[in-house]
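Trainee: For reference, the structure I am asking about is given below.
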Amino acid sequence: MQKRIIAIGGGEIRNKTTLEIDRIIASYIKEHAYPNRGTALFLGTASHDSMPYFNSFRKTYTSVFDIKAEVGLLVYGENDDENIRAKFAKADCIYVGGGDTKFMLDLWRERGIDKLLLEAYERGVIICGLSAGAVCWFDNAYTDYDIMRGQSSEYKVLPALGWLRGIACPHYDERPEFNVVASGFDLAYAIGNDSAIEFVDGKPVRYIGNAKRMGD
């Protein structure tokens, strides 16, 4: 079973700026689910479970691609551990939204979601996400979580899940200084808005738009 991650650097799913990337993801979901209808589980942890964000996701994946959209609510206790496990078990794809990367990773580790995600990845569930949901799979993420909290004016390097080697930067169009940061790492990925990198079994196999590997 292939293990697939699609990391999207940024964009507005609400305005369908990532639609062609979503179309690729939807095709993988349908292939994974065949002959049944595909199910995508949306995790909006980084946006504190923003329901408007999930509704935008559902309008694309359900209305455009006929994928059933589910949501995992972790922040305010709506979904208990048993309910979350059941949602993971039914998912053909897990899509992680953008927001506060550190808040998301901290909560995942507290709730054991990181382990559920790894189990899903190992059994061939398609893993994808945008911004925070793109960079969390790498050894390190270049992130603005301190800026979002009003605690700093600088981007930070944050240790992430470590499924993929190297450091990754989302919204690369807006963060040209990442070239300097990347020079301190053996392997770095820069992913622009409305762009993506597809990984299979831990290796990059497709670059879409303004996305590139910066070293090895």
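Trainee: Might you let me know whether segment 89-102 holds any residue that is farther than 27 Å from Leu158 by Cβ and touching a His at 6+ places or on another chain (Cβ under 6 Å)? Lay out the reasoning, then the answer.
Mentor: Going residue by residue through segment 89-102, those that are farther than 27 Å from Leu158 by Cβ are 89-90, 92.
Subset that is touching a His at 6+ places or on another chain (Cβ under 6 Å): 92.
Scanning segment 89-102 turns up at least one residue that is farther than 27 Å from Leu158 by Cβ and touching a His at 6+ places or on another chain (Cβ under 6 Å).
Trainee: Among all residue pairs at least 6 apart or on different chains, which show Cβ distances below 7 Å where the first residue, located in segment 1-14, is more than 18 Å from Asn210 (Cβ to Cβ) and open to solvent by less than 50 Å² (accessible area, probe 1.4 Å) and the second is β-branched (Val, Ile, Thr) and outside any loop (DSSP other than H, G, I, E, B)?
Mentor: Close Cβ pairs (under 7 Å, with a partner that is β-branched (Val, Ile, Thr) and outside any loop (DSSP other than H, G, I, E, B)) amount to Arg4/Ile126; Arg4/Ile127; Arg4/Val200; Ile5/Ile127.
Trainee: Ile127 passes all but one of (1) open to solvent by 40 Å² or more (accessible area, probe 1.4 Å); (2) in contact with a strand residue (DSSP E or B) (Cβ under 7 Å, 6 or more places away or on another chain); which number fails?
Mentor: (1)
Trainee: Filter segment 89-114 down to the residues that are out of contact with any strand residue (DSSP E or B) (no Cβ under 7 Å at 6 or more places or on another chain) and under 17 Å from Ile5 (Cβ atoms), then identify the one that is surrounded by the most Cβ atoms within 10 Å (Cβ to Cβ).
Mentor: First, the residues of segment 89-114 that are out of contact with any strand residue (DSSP E or B) (no Cβ under 7 Å at 6 or more places or on another chain): 89, 99-100, 103-114.
Filter once more, keeping what is under 17 Å from Ile5 (Cβ atoms): 104-105, 108, 113-114.
Values: Met104: 28, Leu105: 23, Trp108: 21, Ile113: 21, Asp114: 16.
Per the stated criteria, the residue is Met104.
Trainee: Within segment 161-212, track down each residue that is among the hydroxyl-bearing types (Ser, Thr, Tyr) and under 15 Å from the mean Cα position of the chain (by Cα).
Mentor: At the first step, the residues of segment 161-212 found to be among the hydroxyl-bearing types (Ser, Thr, Tyr) are 172, 183, 189, 195, 207.
Passing the criteria: Tyr189, Ser195.
Trainee: Since Glu119 meets every condition but one in (1) modelled with pLDDT of 95 or more; (2) touching a Phe, Trp or Tyr at 6+ places or on another chain (Cβ under 7 Å), which condition does it not meet?
Mentor: Here Glu119 clears every test but (2).
Trainee: So which residues in segment 59-88 are open to solvent by 70 Å² or more (accessible area, probe 1.4 Å) and under 19 Å from Ile13 (Cβ atoms), if there are any at all? If you could, list the steps in order and put the result at the bottom.
Mentor: Initial filter on segment 59-88 (open to solvent by 70 Å² or more (accessible area, probe 1.4 Å)): 59, 63, 66, 68, 76, 78, 80-82, 85.
Hits for segment 59-88 are Lys59, Ser63, Asp66, Lys68.
Trainee: Which pairs have Cβ atoms under 6 Å, sit 6 or more apart or on different chains, and link a residue in segment 73-94 that is within 17 Å of Glu110 (Cβ to Cβ) to one that is part of a loop (DSSP other than H, G, I, E, B) and polar (S, T, N, Q)?
Mentor: Going by the 6 Å Cβ cut-off, the qualifying pairs are Leu73/Asn79.
The values are calculated or read from the model by the stated rules, or taken from the named source; none is laboratory data. All values derive from a computational prediction rather than experimental measurement. Note: ideal-geometry Cβ built from the backbone for every residue, glycine included; neighbour counts use all protein chains shown. Calculation scope for accessible area: heavy atoms of the full protein, side chains included, ligands and nucleic acids excluded. Shrake-Rupley method; radii C 1.70, N 1.55, O 1.52, S 1.80 Å.
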